[in-house]
Amino acid sequence: MNSNREAQIHYTVAFIGGFLGIFPIVNAAHFLGSAQTSNLIDIVLGTLNGEGRSVLFHAVGAFLYALAVFLVTFLPKHTKADVKILAMIVDVSAAIAMWLFPTERNLPLTVYLYPTFFAMAFQWCAFKGAYGFTSSTIFSSNNFRQFISSLTEIFFNGDKSFSLKAKFFGFTLFCFHFGLVLSWLSWHFFGNAGFLFVIVPCMGVTLRVGLSAVPR
């Protein structure tokens with residue numbers, strides 16, 4: 001795949017990561033479900049406090065996250081499936097699940113994280129970066145670190161060779177947060193149905209990945 005095309009796909013997928021990532025935040029859980037750190041901590045704390053029901057719900061979330069990682073690692077070596085296209089199918093399925101979630105917020109808070117746990121883990125493993133840089137499309141910690149360190153190299157250490165890296169991570173951050181903004185606006189005006197708008201960029205990524213796989 002052409003490097004520039006790969007980067008463009010990565011930016012679009014980062015937009016999708018931001019768009020879907022805020023579902024548990026604006027609904028009931030009030031924190032990002034794209035990472036697994038908090039969920040694993042809650043399993044430990046729940047175990048120490050003897051909160052068996054809470055541990056069970058969090059353990060199911062960890063299983064969904066692990067299952068997504070397993071599938072993306074396993075499928076390419078045992079099937080002809082394109083995990084990047086599968087990731088877009090999973091993201092659309094997650095958006096539909098988000099739309100169907102009850103708005104009464106009467107489910108355990110951890111359950112609202114389940115679509116994000118599975119879909120974002122699948123997406124993260126399927127789209128690893130571009131230009132030789134490893135970059136997450138579902139959260140920003142490392143992208144922000146890489147962006148700031150690259151700017152430091154350019155403007156304070158005088159090393160212009162970091163320009164491409166700064167542009168790549170900077171634009172990934174922009175696309176992720178632009179997706180977040182549009183997702184919030186969609187949710188604000190259309191409720192959970194607003195997450196269905198992610199179908200459009202998912203179709204675009206699927207088309208570009210499919211065309212990239214066609215021999216020239």
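The values are calculated or read from the model by the stated rules, or taken from the named source; none is laboratory data. Worth saying up front: this structure is predicted, and the values here are computed from it rather than measured. So basically every Cβ, Gly included, is an ideal-geometry build from the backbone, and we count neighbours across all protein chains shown. When the accessible area is computed, the model is the full protein with side chains, heavy atoms only, and any ligands, DNA or RNA have been set aside. Shrake-Rupley method; radii C 1.70, N 1.55, O 1.52, S 1.80 Å.
The conditions are (1) touching a Lys or Arg at 6+ places or on another chain (Cβ under 8 Å); (2) surrounded by fewer than 18 Cβ atoms within 10 Å (Cβ to Cβ); (3) farther than 30 Å from Ser38 by Cα, and Gly204 fails exactly one of them. Which is it?
Of the numbered conditions (1) touching a Lys or Arg at 6+ places or on another chain (Cβ under 8 Å); (2) surrounded by fewer than 18 Cβ atoms within 10 Å (Cβ to Cβ); (3) farther than 30 Å from Ser38 by Cα, the odd one out for Gly204 is (1).
Residues to consider are Gly191, Gly132; find the one that is closer than 30 Å to Ala28 by Cα and either open to solvent by 20 Å² or more (accessible area, probe 1.4 Å) or touching a strand residue (DSSP E or B) at 6+ places or on another chain (Cβ under 7 Å) (or both).
When all the criteria are applied, what remains is Gly191.
Can you tell which of Phe122, Phe171 is open to solvent by 60 Å² or more (accessible area, probe 1.4 Å), among the aromatic types (Phe, Trp, Tyr) and touching a residue at least 24 places away in the same chain (Cβ under 8 Å)?
Matching residue, one of Phe122, Phe171: Phe171.
For the stretch 6-40, give me each residue that is open to solvent by 50 Å² or more (accessible area, probe 1.4 Å) and at pLDDT below 95.
Selection gives Ile25, His30, Phe31, Leu32, Thr37, Ser38.
Where residues in the stretch 35-53 are outside any helix (DSSP H, G or I) and of a type outside the set (A, V, I, L, M, F, W, C), which of them is nearest to Ser135 (Cα to Cα)?
Gln36
Table: residues versus (1) part of a helix (DSSP H, G or I); (2) in contact with a helix residue (DSSP H, G or I) (Cβ under 7 Å, 6 or more places away or on another chain).
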| site | (1), (2) |
| --- | --- |
| Arg5 | yes, yes |
| Phe15 | yes, yes |
| Gly33 | no, yes |
| Val55 | yes, yes |
| Leu64 | yes, yes |
| Ala68 | yes, yes |
| Ala81 | no, yes |
| Glu104 | no, no |
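Do you know which of the residues in the stretch 18-31 that are in contact with a helix residue (DSSP H, G or I) (Cβ under 7 Å, 6 or more places away or on another chain) and in a helix (DSSP H, G or I) is nearest to Thr110 (Cα to Cα)?
Top of the filtered list is Pro24.
For a quick check of your reading of the model, give me the residue pairs whose first member lies in the stretch 55-77 and is over 16 Å from Ala35 (Cβ atoms), whose second is surrounded by 15 or more Cβ atoms within 10 Å (Cβ to Cβ) and hydroxyl-bearing (Ser, Thr, Tyr), with beta-carbon atoms closer than 6 Å and at least 6 apart or on different chains.
Phe57/Thr110
Output the number of the condition that His177 fails; it satisfies all remaining conditions of (1) open to solvent by 50 Å² or more (accessible area, probe 1.4 Å); (2) farther than 23 Å from Ala35 by Cβ.
Unmet for His177, out of (1) open to solvent by 50 Å² or more (accessible area, probe 1.4 Å); (2) farther than 23 Å from Ala35 by Cβ: (2).
Looking only at the stretch 129-142, count how many residues are touching a residue at least 24 places away in the same chain (Cβ under 8 Å) and over 13 Å from the mean Cα position of the chain (by Cα).
Counting residues in the stretch 129-142 that are touching a residue at least 24 places away in the same chain (Cβ under 8 Å) and over 13 Å from the mean Cα position of the chain (by Cα) gives 3.
Test Leu109 against the stated conditions and say whether it is modelled with pLDDT under 95, more than 20 Å from Ile16 (Cα to Cα) and of a type in the set (A, V, I, L, M, F, W, C).
The answer is yes for Leu109.
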